[in-house]
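*Asks:* Take a look at this one; I'll ask things after.
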Amino acid sequence: MHIVPVHLYNRRQVRQFLRLPYRLYNGSPYWVPPFWADAKMQLEPCRHPFYEHSQAAFWLALEGERVVGRIAALENRVYNASHDCHKGMFALWEQEDDPAVAQGLFDAAAGWCHARGLTHIIGPMGLSALDGFGVLVKGFELRAALGMPYNPPYYQALIEPLGYETFEDALSGYIDPHSAFPERMHRGSEVIQKRRGLSVRALQTRQDIMALLPDFRALYNSSLGNTYDMVPLTETEVQVQAKQLLSFADPKLIKVVQRGDELIGFVLAYPDVSAAVQRCRGRLFPLGWALLLRELKRTKWVNINGMGIVEQYRGLGGATILFSELQKSISSGQFDHGEVIQIRTDNDKMLGELRDIGVDFYKMHRVYQKALA
């Protein structure tokens, strides 16, 4: 077994890197592949907005000519600047169940980070804000939500003996859109909106989404706080991610809270089209688009992948408005099941409020950290 760097101009190596998880998870009912075009763009510095401000490196683990593992290392300078730290990240880790492969891959990623003067390595993280993060440590018998990581149980046993310790956990939970919801929360939302001069706007068209992008970027960057998983969005990143989201979003499930023309909060939900993505294996051409469009109309699952409100409104009833609008969004359409995605375990208040409205947390992803000597 040997570790080789991936040269991004080498099409064969890039294909090997991208295809490995398709072999590892072949036949799995739980793994949902990424959109192939989006995954490929992660290895294209001329196209992916990450490379406008940061750098990455990629490796393959080979046994002869057979690919048995892969990993990426990142230096996200926007993250480090916003958190006032010097941390590297690992990403896109996939491999067979072999400790020697894990040792080789993580030595390569950590060595690259150490050579750049970085003090720690954390991960798995993504190249963009919409990428899921963490190693799955609970919920292996459940299908992954679209864009969220899935891995076999043995990943935890491979990484922890290498000196990686828990940095933070994030929970995802099930919500029944039709279960009883506290009516007092809807009434409270109405009172708070009237008292503070706020209003809620449900978007109607894809053009509405694109028109709001500059204001949404400022809202996103200010509403989520300086948490470990928060990476401020650049102008290019918000444009690219909005276009990715539009391929499967229902604008009516995206709501913003406003004070006059100023955006102060948001709820981001979208239909879960994972079943269609599994069937087309992440490829939208030539027939994947048809499967995706059909699934958008018939899926019974909805994902809630973001809620936020600017800090000055958090103690003034802003969360009540968000939860009220969340329930209205997921209960008014075709959906019978919902998943709230990746809420940090240190956010006790949010977790408690979500449990109060019926969320049952059934998945856990873990972000690891290791100090670099």
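The values are calculated or read from the model by the stated rules, or taken from the named source; none is laboratory data. Owing to the predicted nature of the structure, the values given are computational and were not obtained by experimental measurement. Counting neighbours? That spans all protein chains shown, and the Cβs are built from the backbone with ideal geometry, glycine included. Quick note on the areas: whole protein, heavy atoms, side chains included, nothing else; ligands and nucleic acids left out. Shrake-Rupley method; radii C 1.70, N 1.55, O 1.52, S 1.80 Å.
*Asks:* Roughly how many percent of the accessible protein surface of the chain is carbon and sulfur, given a 1.4 Å probe and a whole-percent answer?
*Replies:* 52 percent
*Asks:* Determine the per residue accessible area of the chain with all protein chains present and a 1.4 angstrom probe, expressed in square angstrom.
*Replies:* 44 Å²
*Asks:* Something else about it: What FRET efficiency comes out for the pair ALA211/ALA373, r = Cβ-Cβ distance, R0 = 51 Å, nearest 0.05?
*Replies:* That gives a FRET efficiency of 0.55.
*Asks:* If packing is taken as the average count of other Cβ atoms within 10 Å, what order do 181-189, 4-12 fall into, highest mean first?
*Replies:* Result, highest mean Cβ count within 10 Å first: 181-189, 4-12.
*Asks:* Roughly speaking, what is the stretch gain from ARG281 to LEU142, that is 0.36 nm per residue apart minus the C-alpha to C-alpha distance, in nm to one decimal? Write down the numbers at each step before the final one.
*Replies:* Values: separation 139, 0.36 × 139 = 50.04 nm, distance 1.82 nm.
Fully extending the segment from ARG281 to LEU142 adds 48.2 nm.
*Asks:* Return the long-range amide H neighbours of GLU168 (sequence gap of 5 or more, or a different chain), with a cut-off of under 5 Å between placed amide H atoms.
*Replies:* VAL367
*Asks:* Could you give the dipole magnitude of the chain about its Cα centre, charging the beta-carbon of Lys and Arg +1 and that of Asp and Glu -1, in debye to the nearest 20?
*Replies:* Its charge dipole is roughly 1040 debye.
*Asks:* May I ask you to compute the full-extension gain from ASP261 to HIS178, defined as 0.36 nm times their residue separation minus their alpha-carbon distance, rounded to one decimal in nm?
*Replies:* Roughly 26.6 nm would be gained on extension.
*Asks:* Okay, next question. Calculate how many DSSP beta bridges within the chain are antiparallel, expressed in % of all such bridges and rounded to the nearest 5.
*Replies:* If we restrict to bridges inside the chain, about 90 percent are antiparallel.
*Asks:* For the stretch 15-73, which chymotrypsin sites (Phe, Trp or Tyr not before Pro) are in a loop by DSSP, counting at most 11 other Cβ atoms within 10 Å?
*Replies:* On the way: sites: PHE17, TYR22, TYR25, TYR30, TRP31, PHE35, TRP36, PHE50, TYR51, PHE58, TRP59; in loops: TYR25, TYR30, TRP31, PHE35.
Sites meeting the loop and neighbour criteria: none at all.
*Asks:* Between rounded, prolate and oblate, where does the stretch 69-148 land on the alpha carbon gyration tensor, with a ≥ b ≥ c its root eigenvalues, rounded for a/c under 1.5, else prolate if a/b exceeds b/c?
*Replies:* Verdict is oblate for the stretch 69-148.
*Asks:* Given +1 on the Cβ of Lys and Arg, -1 on the Cβ of Asp and Glu, and no further charges, what dipole in debye does the stretch 64-186 carry about its Cα centre, rounded to the nearest 20?
*Replies:* Computed about the Cα centre, the dipole is about 320 debye.
*Asks:* Around SER329, what is the net charge, scoring Lys/Arg as +1 and Asp/Glu as -1 over all other residues with Cβ under 11 Å from its Cβ?
*Replies:* Taking every Cβ under 11 Å from that of SER329, the sum is +1.
*Asks:* Can I ask one more? What's the FRET efficiency of ALA157 with TRP289 using the Cβ-Cβ distance as r and R₀ = 35 Å, to the nearest 0.05? Before the final figure, lay out the partial values.
*Replies:* Numbers: r = 40 Å, r/R0 = 1.13.
Computed FRET efficiency for ALA157 and TRP289: 0.30.
*Asks:* Now, a different point. Within the chain, how many lysine pairs that are 8 or more places apart, or on different chains, have C-alpha atoms less than 15 Å apart?
*Replies:* Numbers: LYS87/LYS370; LYS138/LYS363; LYS252/LYS297; LYS252/LYS328; LYS255/LYS328.
Lysine pair count for the chain: 5.
*Asks:* Calculate, for CYS85 and ALA37, the FRET efficiency according to 1/(1 + (r/R0)^6) with r their C-beta to C-beta distance and R0 51 Å; round to the nearest 0.05.
*Replies:* 0.95
*Asks:* Give a quick list of chymotrypsin sites (Phe, Trp or Tyr not before Pro) in the stretch 172-279 that DSSP marks as loop, anything other than H, G, I, E or B, with at most 13 other Cβ atoms within 10 Å.
*Replies:* Taking the stretch 172-279 and a limit of 13 other Cβ atoms within 10 Å, no loop chymotrypsin sites (Phe, Trp or Tyr not before Pro) are found.
*Asks:* What are the GluC sites (Glu not before Pro) within the stretch 57-122 that DSSP puts in a loop, where the Cβ has at most 16 other Cβ atoms within 10 Å?
*Replies:* GLU65
*Asks:* Once Lys and Arg get +1 and Asp and Glu get -1 on their Cβ, which of GLY123, GLN278, THR166 lies farthest toward the positive end of the dipole of the chain?
*Replies:* GLN278
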